[in-house]
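Participant: Please see the structure below; I have some questions.
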2 protein chains.
Amino acid sequence: MRFIFTTLLLISGLLSAGAQTTDSLTLMPRPQTVKLQTGKFVFTGRFSIRISGPGSPKFIGAVNRFYLQMGKRTGVVFPQEYISGKEEPANAQLTISYEKSINPAIGMDESYHLNVSPEKIMLTAPTDIGAERGLQTLYQLVTPAGGGFYCPAVEVNDSPRLKWRGLMIDVARHFIPFEVLKRNVDAMAIVKMNVLHLHLSDDEGFRVESKVYPKLQENGSNGLFYTQDQLKELVNYAHDRGVIIVPEFDLPGHCSSILAAYPFLASYPANYKPAGRFNMDTIKNLSLGKIMLLINQVRTPTVDPTKETTYVFFDRFFKEMSGIFPDAYLHVGADENNGVAWKQNPDIAAFMKSKGMKNTDALQAYFVKRMYGIAQKYHKRLIGWEELFNPGLPQDAIVQKWKPAASTDTLVKTIIAHNNQVIVSAGYYLDMYFPAYIHYLTDPVPANLGTAGADKGILGGEAAMWSELVDGGNEEIRVWPRTAAIAERFWSAAGVRDADDMYRRLWAIDFELNDRAIDEYGSYIKILGRWVNDKGLDPAITVCNVYTQVKGYKRLMGNMLAPGGVHPTLTTPLVSIADAVHTDSETGWYFRHLVATYLDKHDATSLKQIKSQLQEWQSNKARFDALAGNSPYLQQIADLSDILSIAAGVALQAINNEGNKEEQLKQLQQLEKPNHEVQLAIGLSLEALVTGKLKPEPVAYPMF
Amino acid sequence: MRFIFTTLLLISGLLSAGAQTTDSLTLMPRPQTVKLQTGKFVFTGRFSIRISGPGSPKFIGAVNRFYLQMGKRTGVVFPQEYISGKEEPANAQLTISYEKSINPAIGMDESYHLNVSPEKIMLTAPTDIGAERGLQTLYQLVTPAGGGFYCPAVEVNDSPRLKWRGLMIDVARHFIPFEVLKRNVDAMAIVKMNVLHLHLSDDEGFRVESKVYPKLQENGSNGLFYTQDQLKELVNYAHDRGVIIVPEFDLPGHCSSILAAYPFLASYPANYKPAGRFNMDTIKNLSLGKIMLLINQVRTPTVDPTKETTYVFFDRFFKEMSGIFPDAYLHVGADENNGVAWKQNPDIAAFMKSKGMKNTDALQAYFVKRMYGIAQKYHKRLIGWEELFNPGLPQDAIVQKWKPAASTDTLVKTIIAHNNQVIVSAGYYLDMYFPAYIHYLTDPVPANLGTAGADKGILGGEAAMWSELVDGGNEEIRVWPRTAAIAERFWSAAGVRDADDMYRRLWAIDFELNDRAIDEYGSYIKILGRWVNDKGLDPAITVCNVYTQVKGYKRLMGNMLAPGGVHPTLTTPLVSIADAVHTDSETGWYFRHLVATYLDKHDATSLKQIKSQLQEWQSNKARFDALAGNSPYLQQIADLSDILSIAAGVALQAINNEGNKEEQLKQLQQLEKPNHEVQLAIGLSLEALVTGKLKPEPVAYPMF
């Protein structure tokens, strides 16, 4: 499973060795309290389960899944063929007691109490969903040792810090296949998240089958959308795992795909097509500043909010969608409407004048109010991105903060003072290619809010995966395991913020996620396998494991800014090294630890391991070049392989006290510069071998 | 992707080097005629597609999938965002012309003509499904070289030899997850198969949601079944890929799960449960002969064919199923009913007497006739296993031959003489753990049939995957790539039977199957990854790559016969080495080629490569043992690692002309004996290094 190499795995072993303490557990998210006891519970052929509770089919299913997966994990033949919740063994080794079965909902009781003793395991919870959360913790306690698998004796009391712990997946820009969504739900359940927010429509595509307005999917997509049957299945699948589904249809902007299907909804006549908002040919040579200006000044496809036919349409449409999405929320986007289309339409201007509206913000507020009315009619709480907020917004509408922190902390204060609740996505944008620790150290509660205000006003947070540069082939690489760190931020106590310990656990959880839920390793290997036409992958893996993407929007925007830069379209194959690699380098993390140990102790063991690793990197060039012979793409990125080899050589010189340190440092810094939209993830560690000092990693990265 | 190691990959390179000839292509199934022309078509940013035909949505979807996958394969940004079939480029590089859009059906026209020239590609076919088959061939022609990807200029004329080219998947014994079925359909489309036969019910489980008789899934399964929505989606998914779905509900025997739900259908009262037909505790110490006797003498769960209520039930049930499965076939099993339950029920005996039935065969024929009537009513052709046949069987019923060849060739003659058609599964049982060449060299047309009889009588063939020892975690490892070889047997000319050339192409197709369809490599790595708890896998892969399962029913039956043997139940975790490894060893095949070359040429290069490989195997023991420290399962199978190391050592001695050859041969033969239900796949090659002669591989294996 793990594609990092022998030298570093030795360290991995060292880091996890030693007597078991609370700190050696690999639970994620970290429970509120964990007390290790004496002894261990060993899994044998006597491991049986008794359920004491109202016996909901959803929970029976969860327990059977757990039991089958535990069997596969331990290889032990367990005694029960099927746990029906009715005829259960008297001497069950695991007893699960819960009081009631509930439908997942925000604010539900997800608490549980887990007690593992050498003889038996007791899991108790007020609700079946709480008990499901406890099963996930129990699974994470399973440890192999010598002849078998065990759980350390332990007492866990746990419940979430925040009510709303979400992941947003944009399925509009690139379509994300149905089975990938299901795998994401499995992963979310493992890290105790409870909201899957689907961004179902945007300029580039409309992704839901409508029977009332079938042109939405026919003309609004490239043939890739979810059927209603699939979405109903997804809702059930998610509910079975304690996750609700929040559908988003982005309005009144971000809607080219909708206008392509039903042009009468538009604020101005045009030949609408599902496509990005801007004509890339006209902007690709512009500066970033000019592009920003355009975003504010161009007449983008926008719904006409002045016509009653618009509301008749969306009333019928949201009625239909309410039949598919039973959970209590409806997200209408409301973001990035610059109002230009409205200003330029005389009829709309006349409407505004007749209603005494001074600007397009007032018209947006009017549109939001009408959407609120429709949501109410179908018993949904309205959600929108932060542009949804206006002083007239009803208090049960929810605002999702997305703009970078500094600019909108004040807004959050205002919103909360107005008694609206906030979901925080600012700081959790996965398309920024920030390493996990950046998100992990961002608290969803702005520092300047009083605790009282925070408790009441911050409903929770959401990781956000926008899909301009993500499709079914790499979505899981991009979302996981980073989102596990974010899940811990939302679930665990605010004081749990040791990034290094987070990473130690993250690599363990990543294995579990791949084993039980996602296909992240598989996606990675699939892209690389295609490069090398099924030849031995190792030299390519060696290179890819130590590169991560350039941070911020450099890939998305920078591409356009560069001469000849290519903006990704729906057919741009997302198969480059920047598409394939993780945003955190596991190899890089282990190597950094090794360097830190060596700089601290100057021990022979670390020195030997560092040299061995550097030699492996240095000599990888020959293997890579041999492999590249028949691989067009490896030839294109051979410079990255060269850079790794040269950089390792420089570090080897330095560690052998050869050459000029100043020159070496300069050379390394040169080699660390971005190339092919990626850069070396081991730069600081290599520099430390020259300077003798390991620089801390940046506390923040610029957006561009 | 490929997890075999460097030495052997060198050979892989050698085998595929040299000038391109028809024999260097890796098409599978091999088309009827292929003519290489001069030059090549290179894929560039100008690769666009024009469709000339009636524009069926199914075919538009297929072309867009092809285009996206070609983009990912080549990494080239192609010009079309979406191929709608309406607005197509005038100077398209690929023109696809077809005359009509058809629903997949047995006997449909699947022919196509493909012409690749350096300037353009022309694909023409009478039907859209023929054109889809042609796209698969085109994809398999794509070759990487130097700076990019190309297709050799070539002319292909192709059509299938047999009409029915199926894969049966038993989803009853172990449930096979929905997404695994979809991936199998993708793989079937790649190798041009057209029937997915689902064995949906058996003693162990009933796997379809019935709304008319909901207890079928509620009491007849362990909670694992397909919803009707899923099955409808699967049907559409398969139809889009030119594949029909044939549902099988096994009757009148093999039905414990049905009787558990509706006991009134049973031939005798009992406490029915979804479970295997025999109580394992009572038979596990019996000899094979005694077990066979039991199969013929024990009163197994059987439907009562004498009551009208039985037919009312199945009439309503098949009516419901006809709404889900629109294709023209209904499979009712009809196999392995020993009639004991009928003989022991006095009411049934009285019924037989009153109807003048001399034996239970006559009653079975009566039951089949009634089933035929119901199938007719819902416009389905009836299919059953060979026990369906009786002289009164209507001629449009189809018989599926499954018993091993010798015993039933005569039966096939009789059936064909009776003007019934036959689907052949004998020889294609994937649960026998036979290597691909055994199936490949078995022709579905029995040798003693005249060609005329064969053409008329042999409708086609089906690979059959029974799932006692297969679940979602290893189904793809067991079915693929072997089924690709069987697909070629059914599609290509009977004279295409060079097993060695089949293997050469099989490894290439396996890469394509994993890239575009299945998760066979991923399944393998997932099982091994769990063993080693996410540590470096290499030493475990090195061992697993050279072992294959014991052949025939030794695993399934032998398990029960061995003292303390365990018969697999639904909760037996299928995570052992015998569950994980492939039935063909790719490493073993390449090594055999290397040894053959060496014995032929006695060249220094081969000798060096052989030694290097043997040394790698020999020294792997130390790496394996280090890894096994914290891996309970690796400790259990350490003997297999030792055996590989010792055997490689013996071969090294021999190749160095050390030691006693006779002793070495004896020692190798000892080491080749089965252990943990697997055995060395490189035995004959190692022996050849001692004896100087490479024995041919067996032409057949015993069933037990």
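The values are calculated or read from the model by the stated rules, or taken from the named source; none is laboratory data. Remember, it's a predicted structure, so these values are computed and weren't measured experimentally. Cβ: placed from backbone, ideal geometry, glycine included. Neighbour counts: every protein chain shown. Protein only, heavy atoms only, side chains kept; ligands, DNA and RNA dropped before computing areas. Shrake-Rupley method; radii C 1.70, N 1.55, O 1.52, S 1.80 Å.
Participant: Please identify every one of the trypsin sites (Lys or Arg not before Pro) in the range A:14-118 that sits in a loop by DSSP and has no more than 11 other beta carbons within 10 Å of its own beta carbon. Kindly include the intermediate steps, with their values, before the conclusion.
Facilitator: Values: sites: A:35, A:40, A:46, A:50, A:58, A:65, A:72, A:73, A:86, A:100; in loops: A:46, A:86.
Hits after loop and neighbour filter: A:86.
Participant: Within 10 Å of each Cβ in B:74-84, how many Cβ atoms from other chains are there, averaged over the peptide?
Facilitator: Numbers: counts 5, 11, 4, 6, 4, 2, 3, 9, 9, 3, 2.
Per residue, the average neighbour count from other chains is 5.
Participant: How big is the accessible area of residue B:532 in square angstrom, nearest 10, if you roll a 1.4 angstrom probe over the protein chains?
Facilitator: About 10 Å², rounded to the nearest 10.
Participant: Next question, about the same structure. Take every DSSP beta bridge with both residues inside chain B and express the antiparallel ones as a percent of the total, to the nearest 5.
Facilitator: Details: 26 of 70 bridges.
Antiparallel bridges make up about 35 percent of those DSSP assigns within chain B.
Participant: Here's a follow-up. With each pseudo-label sitting 7 Å past Cα toward Cβ, what's the residue B:273-residue B:120 distance in nm, one decimal?
Facilitator: With each label placed 7 Å out from Cα toward Cβ, I get 6.8 nm.
Participant: Take the alpha carbon gyration tensor of the protein assembly as shown, find the square roots of its eigenvalues, order them as a ≥ b ≥ c, and report rounded if a/c is under 1.5; if not, report prolate when a/b exceeds b/c, else oblate.
Facilitator: Numbers: a/c = 1.38, a/b = 1.22, b/c = 1.14.
Rounded shape, in that the Cα axes give a/c under 1.5.
Participant: Take the alpha carbon gyration tensor of chain A, find the square roots of its eigenvalues, order them as a ≥ b ≥ c, and report rounded if a/c is under 1.5; if not, report prolate when a/b exceeds b/c, else oblate. It would help to have the intermediate numbers written out before the result.
Facilitator: Numbers: a/c = 1.85, a/b = 1.17, b/c = 1.58.
Verdict is oblate for chain A.
Participant: Something else: Can you tally the net charge around residue B:432? Count Lys and Arg as +1, Asp and Glu as -1, for every other residue whose Cβ sits under 10 Å from the Cβ of residue B:432. Don't skip to the end; give the middle numbers.
Facilitator: Details: positive: B:551, B:554, B:555; negative: B:431.
Once all neighbours under 10 Å are counted, the net charge is +2.
Participant: Also, quick follow-up: Gap in Å between the Cα centre of the range A:95-167 and the Cα centre of the range A:48-63?
Facilitator: So the two Cα centres are separated by 13 Å.
Participant: Over chain A, what is the relative contact order in percent, taking alpha-carbon pairs closer than 8 angstrom and at least six residues apart?
Facilitator: Numbers: 1303 pairs, mean separation 87.7, N = 704.
Contact order relative to length: 12 percent.
Participant: Order A:584, B:639, A:250, most accessible first, counting only protein heavy atoms with a 1.4 angstrom probe. Provide the component values of the computation, followed by the final result.
Facilitator: On the way: A:584 20, B:639 55, A:250 0 Å².
Greatest to least solvent exposure: B:639, A:584, A:250.
Participant: Next question, about the same structure. Whole Å is fine, so just give me how far the alpha carbon centre of the range B:578-618 lies from that of the range B:663-681.
Facilitator: 17
Participant: Continuing with this model, one more query. Using the Karplus curve 6.51 cos²θ - 1.76 cosθ + 1.60 with θ = phi - 60°, what ³J(HN,Hα) values do you get for each residue of the range B:116-133, in whole Hz, with x for Gly and Pro?
Facilitator: Rounded to whole hertz, the list is 9, 10, x, 8, 7, 10, 10, 10, 10, 7, x, 10, 5, 6, x, 5, 4, 4.
Participant: At residue B:670, with labels set 7 Å past Cα in the Cβ direction, how many nm apart are the copies from this one, shortest first?
Facilitator: 6.4
Participant: Per-residue ellipticity at 222 nm for chain B, helices alone: DSSP H runs ≥ 4 residues times -39500 (n - 2.57), over residue total, nearest 500 deg cm²/dmol?
Facilitator: Calculated from helices alone, the mean residue ellipticity at 222 nm is -13000 deg cm²/dmol.
Participant: Placing a label point 7 Å from Cα toward Cβ, how far apart in nm is residue B:326 from its equivalents in the other copies, listed shortest first to one decimal?
Facilitator: 2.9
Participant: I've got another one for you. How large is the accessible surface of residue B:553 in square angstrom, using a 1.4 angstrom probe and rounding to the nearest 10?
Facilitator: Spelled out: residue B:553, probe radius 1.4 Å, area about 30 Å².
Participant: On average, how many beta carbons from a partner chain sit within 10 Å of the beta carbon of a residue in A:569-580?
Facilitator: On the way: counts 6, 4, 12, 6, 11, 3, 5, 1, 0, 0, 0, 0.
Mean shielding by partner chains, rounded to a whole number: 4.
Participant: Further question on the same structure: I'd like the distance separating the alpha-carbon centroids of the range A:375-441 and the range B:448-524, in whole Å.
Facilitator: The distance from the Cα centre of the range A:375-441 to that of the range B:448-524 comes to 54 Å.
Participant: How far apart, in nanometres, would the label points at residue B:316 and residue A:84 be if each is projected 7 angstrom from Cα along the Cα-to-Cβ direction?
Facilitator: Here the answer is 2.3 nm between the modelled labels.
Participant: Rounded, prolate or oblate: which one fits the range B:125-181, using the alpha carbon gyration tensor with axes a ≥ b ≥ c (rounded when a/c is under 1.5, else prolate when a/b beats b/c, else oblate)? List each step's numbers first, then the result.
Facilitator: Numbers: a/c = 3.35, a/b = 1.62, b/c = 2.07.
The shape class here is oblate.
Participant: Continuing with the same structure: Do the alpha carbons of any pairs in B:343/B:403; A:358/A:554; A:232/B:58; A:413/A:695; A:215/B:100 sit beyond 31 Å of each other, and which pairs?
Facilitator: On the way: B:343/B:403 25 Å; A:358/A:554 37 Å; A:232/B:58 23 Å; A:413/A:695 36 Å; A:215/B:100 25 Å.
Table pairs above 31 Å Cα-Cα are A:358/A:554; A:413/A:695.
Participant: Compute the label-point distances linking residue B:315 to its equivalents in the other copies; points lie 7 Å from Cα along Cα→Cβ; give nm, one decimal, shortest first.
Facilitator: The answer, with the shortest distance listed first, is 4.9 nm.
Participant: With +1 on each Lys and Arg Cβ and -1 on each Asp and Glu Cβ, and nothing else charged, work out how big the dipole of the protein assembly as shown is about its Cα centre, in Debye to the nearest 20. If you can, show how the numbers build up before the last one.
Facilitator: Numbers: 142 positive and 148 negative charges, 229 e Å.
That gives the protein assembly as shown a dipole magnitude of about 1100 debye.
Participant: Note down the net charge around residue A:376, summing +1 for each Lys or Arg and -1 for each Asp or Glu among other residues with Cβ under 14 Å from its Cβ.
Facilitator: Working: positive: A:319, A:369, A:370, A:377, A:380, A:381; negative: A:315, A:396.
Taking every other residue near residue A:376 into account, the sum is +4.
Participant: Further, regarding this structure: What is the dipole size for chain A, taken about its Cα centre, with +1 at each Lys and Arg Cβ and -1 at each Asp and Glu Cβ, in debye to the nearest 20?
Facilitator: 780
Participant: Subtracting the Cα-Cα distance from 0.36 nm times the residue separation, let me have the gained length for residue A:603 to residue A:396 in nm, one decimal. The partial results should precede the final answer.
Facilitator: On the way: separation 207, 0.36 × 207 = 74.52 nm, distance 6.08 nm.
Stretched out fully, the residue A:603 to residue A:396 stretch lengthens by 68.4 nm.
Participant: Whole-Hz Karplus ³J(HN,Hα) for the range B:25-34, in order, using 6.51 cos²θ - 1.76 cosθ + 1.60 and θ = phi - 60°, x for Gly and Pro?
Facilitator: 6, 10, 6, 8, x, 5, x, 5, 9, 9
Participant: Calculate the mean, over all residues of peptide A:513-525, of how many other protein chain Cβ atoms lie within 10 angstrom of the residue's Cβ.
Facilitator: Working: counts 0, 5, 6, 1, 0, 0, 3, 0, 5, 8, 1, 0, 6.
Mean shielding count: 3.
Participant: Check each of the trypsin sites (Lys or Arg not before Pro) in the range A:358-404 and keep only those in coil by DSSP with at most 11 other C-beta atoms within 10 angstrom; list them in order.
Facilitator: Details: sites: A:358, A:369, A:370, A:377, A:380, A:381, A:401; in loops: A:358, A:380.
For trypsin sites (Lys or Arg not before Pro) across the range A:358-404 that sit outside H, G, I, E and B with at most 11 neighbouring Cβ atoms in 10 Å, the list reads A:358.
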